[in-house]
1. Tell me, which residue of the range A:257-290 that is among the small types (Gly, Ala, Ser), buried (at least 19 other Cβ atoms within 10 Å of the Cβ) and over 22 Å from A:Gln213 (Cα atoms) is nearest to the chain's Cα centre (by Cα)?
2. Please work out if A:Ile577 is of a type in the set (Val, Ile, Thr), touching a Leu at 6+ places or on another chain (Cβ under 7 Å) and in a helix (DSSP H, G or I).
3. Which residue pairs have Cβ atoms closer than 9 Å, lie 6 or more positions apart in sequence or on different chains, and pair a first residue in the range A:105-128 that is more than 13 Å from chain B (Cβ to nearest Cβ) with a second residue that is part of a helix (DSSP H, G or I) and aromatic (Phe, Trp, Tyr)?
4. B:Asn48 fails exactly one of the following numbered conditions: (1) within 12 Å of chain A (Cβ to nearest Cβ); (2) crowded, with 20+ Cβ neighbours inside 10 Å; (3) under 28 Å from B:Gln138 (Cβ atoms). What is the number of that condition?
5. Name every residue in the range B:67-87 that is of a type outside the set (A, V, I, L, M), more than 9 Å from every other protein chain (Cβ to nearest Cβ) and surrounded by 22 or more Cβ atoms within 10 Å (Cβ to Cβ), in order of residue number.
6. Is the range A:887-894 home to any residue that is assigned by TED's automatic domain parsing to the domain that holds A:Glu802, out of contact with any Gly (no Cβ under 8 Å at 6 or more places or on another chain), of a type in the set (Asp, Glu) and farther than 19 Å from A:Phe801 by Cα?
Amino acid sequence: MGSRLRDMIRAVRACKTAAEERGVIAKESANLRTAFKEEDQDYRHRNVAKLMFIHMLGYPTHFGQMECLKLIASPGFPEKRIGYLGLMLLLDERQEVLMLVTNSLKNDLNHANQFIAGLALCALGNICTAEMARDLAPEVEKLLHNNNSYIRKKAALCSVRIVRKVPDLVENLISSATSLLSDKHHGVLIAGIKLCTELCEANFSALEHFRKQTSSLVRILKNLVISGYAPEYDVGGITDPFLQIRVLRLLRLVGRGDADSSDIMSDILAQVATNTESNKNAGNAILYECVLTIMAIEAIGGLRVLAINILGRFLGNRDNNIRYVALNTLIKVVAVDTQAVQRHRTTIVECVKDSDISIRRRALELVCALVNESNVKTLTKELLEYLKVSDPEFKPDLTTKICYLVQKFFPNKRWYIDQMIKVMVEAGRFVKDDISRALLLLISNAAELQGYTVRSLYNAFQKWDGQESLAQVTVWCIGEYGEMLVHHMNELDGEEPVTQVTEADTVDVLELVLKDFRASSTTRAFALTALLKVSSRFPSCTERIKALVLQYKGSLVLELQQRSIEFTSILSKHENIKASLVEKMPVLDEATYIAKKVDAADVAFSTDSKSVPATVLPAVPVANGPTKSKSGTNALMDLLNLNVDEASTPSAPQTRKSAGDVLLDLLGGNSSFTSPLVASPVQGPSGGADALLDLLSIGNATSQTTSSPLSTLEPFPQRNPEAASQKPSNPVPDLLSQNTVSSQKDSYSSFTADFKKSSIPGAGFDLLGDLGIGSASSISTTGPVYPPIVAFQSSGLTVSFEFSKQSTNLPATVIHATYTNTSSNTYTDVIFQAAVPKFMQLQLEPASGNVLPANSSGTVTQVIRVNNSQHGQKSLVMRIRVSYKINGQEVLEQGQVNNFPPGL
Amino acid sequence: MIHFVLLFSRQGKVRLTKWYSPYSQKERTKAIRELSGGILPRGPKLCNFVDWRGLKVVYKRYASLYFCMCIDSEDNELECLEIIHHYVQILDRYFGNVCELDLIFNFHKAYFILDEVLIAGELQESSKKSVARVIAAQDSMVDAAKEQMASLSNIIAQATR
């Protein structure tokens, strides 16, 4: 039998602890289960009511779902009423059980009793699925013409749901919906106008149709506006604001982009805008809707002014809700009429400082939309003032926005730098990596401001309080421009005079960052590199720097440990090359970055997401591509400059060798090898070339995030630890993965094109020597010409070779292999391997890809270098092996190449 | 449209939930937790709108109860406040000076009334009187059915005596 519903609620409320409540619920649930099992008809609706209460408390109630269906199927109204309520509460549209109710719904929709039909319509409107919508749409459509207004209004809203679920039913509903517009009953009108709005949004032809109804909509609105006091629909002295708002919204859709209908409605809009009382919320709701409509349609200027004035009034309102709405609307209006919004700028800026975060957010968004070149200085000043006092939860947003504004509208670089330093001092924690990176780029490009910047940063840093970005930027600038700080170079007019800074003071800063517990390992890595960089310029501090760097020899952070060890080695063993190694960074490439920034900024500021900037940067290598080879080569030359210079001195070979070692060492180059069989993706003799590629990517630290410790100070090393840890073990795939973009490949191949003209007797060990020759010989003529051959041919695979040779180095041959797949299956995981007799050396460059599309629709190319030590006596021979996969099946093919042209 | 309606007490206890958009049970619990956590600490002078996952939640406090409705970001917030007030007035008229206890013990009645005010997340009736009328009519249908049941069982009881 069980207790009454009221008793159960009492029992639950009497519980003192959550455990007690669970106990009561468990007992009740058990009783309910038994009752359901016994098919207790008399108390079924009471049991389902209990179940709903249990559900509301958050306990599982799925076992009672079927009971709702039984109640719905029973004839009595009380049962149905509870049954439908249970259906809507306990089930939702994703449950299969819902399908079982379709038939009962169909019966009830046509029930003679209006309330039973009403229950069915309500349930359908709240939870129907697409299938049910399709099945029952004809019934509902019929009910739109029912002579009972209670049914009509419910049917109209039910149709709204049906259209949302099945948009292709729009056509069927247009005429019925139109007829609802001439209804007298307010409920039906509200529902009917909503239905029309929904149809217009779903379908353009519906919109066209309802444009013709503009005058009847205007009439509805006019009747409401001029009607006297109507007690039934009165809200604070206004007749049916709900209906007015719905009409205004439909007018907005109809009038948008259509001059004729806009014209018809402008009178009534003006009337609503001027006559509506604004001392109550209901009136303001109407005014708000009216303003939105005026701004959206093709309104005349006078009407717009009226709307903007209303917003101005809203903005000055003391009620926060109204101000929120005003800001929200002004954001939309900015695009249409910036000038009008500019007039309220001061008020809007005040709103940024409001105590309510909802309002602050809106206002900040609006301020950002308002800023332009002419007002950026004043607005930024205001925002910076506010940044000092704003509460912590709002700071990240505010900081991002200020940085964005400064970046976008800065009148001159000095102002930019000043503002960014202020932001970093106030809220350096929230300045994201890409922002500080942009700043460094700008500094790097502003030679005349570098001295000023490093001094300002040094001053700002005296008040350092753990702000990550401030530390990074300061440390980087000290590393690059430290001597300007000490020697007061490039002083600007009106610059604040700094007290004398010594070399030791500067190193103090670096040491402070290095040892501060608040600095992240990334920042410490910055500091280590900066130490290395200043070591050559601050001779008085060399010993101290050495000691500092050495302290990190045992660091648990791999990145720091590696830097420490490598830098120590540079500092102690390679004094002679150090000065050139740690030269100033080449100027960062601004054009590339700006192109990239535009992309990133678009994403970052349209989505307002916090995580975006970090992920965007690595994802835009395309913009990066074209300049890459240039800047890469430049940096390379820069790094290797020493070698070319020293090549003319007698001691060259020795120096070269050691420098090469250092480089290989630094870059994790593999110095042990050799097996005659070389698989291309595995690093073997090609180590030298890979190291060079690595260098390429280093030079490119200007625009990418990869780097190695030698990369001097890369401004943006967030992926560094990862890159560094991968390097020793598996550098080639890493490179390949970065080379997937074609433009990058270009840079790679343009580089190897240079490279291949020279040979590598030592298989790439004496890499710098080769490079010296490589770059020197790039003007020299190529050697004799040899005909291309087909080296290998099987049922599907063709391998052809083209040869080139330098006349200066006859034993060496560069083979360009091209692989083609003539079969109808795509080959994946293609790996080419080759072996040569002992008197020859072989080197395989990474292939251009590992997938061969079917039917010769694409090729993979690969460069093979062969050095024939018995050139002139023996000709080339090669065994090759190609493995690949067809639909995951491994296939291996091999053969011998004997048809090399003579003379190789 | 209104995506859901939520009523909770000052202690964060849920008194009524109505979902017009599909949310899984897990999402529902999460939404309730987030919103009650976000709304309850807000001071009385602040505005009645909170941004929530790209949508807006309009809330209003009546005595110890918070009435919340979640709407699309382009919907009219002020009107939504008015809808909340509309619903509260109807409840008030029905229960006669409604209090939290009324809504706890007669939660199903609160739902019945809500179903006469909103369907598919849209307002269906702007007249408080006509909502009161149809609710009263339905209540009397239920009472009539109960009486019938009672008299029927009386007759059976007498017949079997």
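1. A:Ala285
2. Considered against the rule, which asks whether it is of a type in the set (Val, Ile, Thr), touching a Leu at 6+ places or on another chain (Cβ under 7 Å) and in a helix (DSSP H, G or I), A:Ile577 comes out as yes.
3. Sorted first by the residue in the range A:105-128, then by its partner, the pairs are A:Asp108/A:Tyr84.
4. All conditions are met except number (3).
5. Hits for the range B:67-87 are B:Phe67, B:Cys68, B:Cys70, B:Tyr87.
6. yes
Yes/no matrix, rows are residues, columns are (1) surrounded by 15 or more Cβ atoms within 10 Å (Cβ to Cβ); (2) within 25 Å of B:Leu81 (Cα to Cα):
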| site | (1), (2) |
| --- | --- |
| A:Val334 | yes, no |
| A:Ser355 | no, yes |
| A:Asn372 | no, no |
| A:Thr378 | no, no |
| A:Tyr386 | yes, no |
| A:Val389 | no, no |
| A:Phe409 | yes, no |
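To keep it simple, each residue is scored yes or no on (1) of a type outside the set (A, V, I, L, M); (2) at pLDDT 90 or above.
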| site | (1), (2) |
| --- | --- |
| B:Ile71 | no, yes |
| B:Leu81 | no, yes |
| B:Arg93 | yes, yes |
| B:Tyr111 | yes, yes |
| B:Arg133 | yes, yes |
| B:Glu147 | yes, no |
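The values are calculated or read from the model by the stated rules, or taken from the named source; none is laboratory data. Every value quoted in this text rests on a predicted model; they were computed, and no experiment measured them. Cβ coordinates were reconstructed from backbone atoms using ideal geometry, including for glycine residues, and neighbour counts include every protein chain displayed.
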